[in-house]
Amino acid sequence: MIVCSCTVITDAHIETALLEILGQPNAPIPTPGVVFRHLSKKMNCCGCAPLLVSTIYQIVQKLEREERICPCACASAKTKLEKLFVAYRRPNWDAEPVRVPEDVAELTSV
Ligand code: FES
């Protein structure tokens, strides 16, 4: 599955990167920036950031379940990722965007 359409990063790329990143001694927290740098990619529009954070989190959980990475590295990574996920979450993420009628928008524009 493609996670970042700008750089064509897939969940498979992310899983490989996470295995390498979290396998290091003193592994850094696998934030989207760390994963992108590890893959030698640069974020462009950042539209994938929320999906990227949740994908990283899910893959860390999977690797932990499969005992492929250290549980300590998983725990600290998940704690940081949960904070990032909350930061990216909007109150009604799935809701339709609120449309302001034009006449009201004109009244409220500066
Ligand atoms: S979709 Fe990932 S940087 Fe644009």
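Readers should treat all values here as calculations from the given coordinates under stated rules, not as data from a laboratory. Just so we're clear, the structure is a prediction, and the values are computed from it rather than from any experiment. So basically every Cβ, Gly included, is an ideal-geometry build from the backbone, and we count neighbours across all protein chains shown.
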Within a Cβ distance under 10 Å of Leu22, other residues only, what is the Lys/Arg minus Asp/Glu net charge?
-1
Under the rule of at least 5 residues apart or a separate chain, name every residue whose amide H is placed under 5 Å from the amide H of Val3.
Ile9, Thr10, Asp11
Residue separation times 0.36 nm, minus the C-alpha to C-alpha distance between Cys70 and Gln58: what's the value?
2.8 nm
List the trypsin sites (Lys or Arg not before Pro) in region 19-49 that DSSP assigns to loop (not H, G, I, E or B) and whose Cβ has at most 11 other Cβ atoms within 10 Å. Which are they?
Lys42
Gyration tensor (Cα only) of region 2-92 to equivalent ellipsoid, semi-axes in Å sorted down, yields 20, 16, 11
Spin-label pair Lys41/Glu82, simplified geometry with 7 Å Cα→Cβ offset, distance in nm:
2.7
Packing-wise, with mean Cβ within 10 Å as the measure, how do 49-61, 3-15 rank, highest first?
49-61, 3-15
Using alpha-carbon positions, what is the distance between the centroids of region 56-72 and region 1-45, in Å?
15
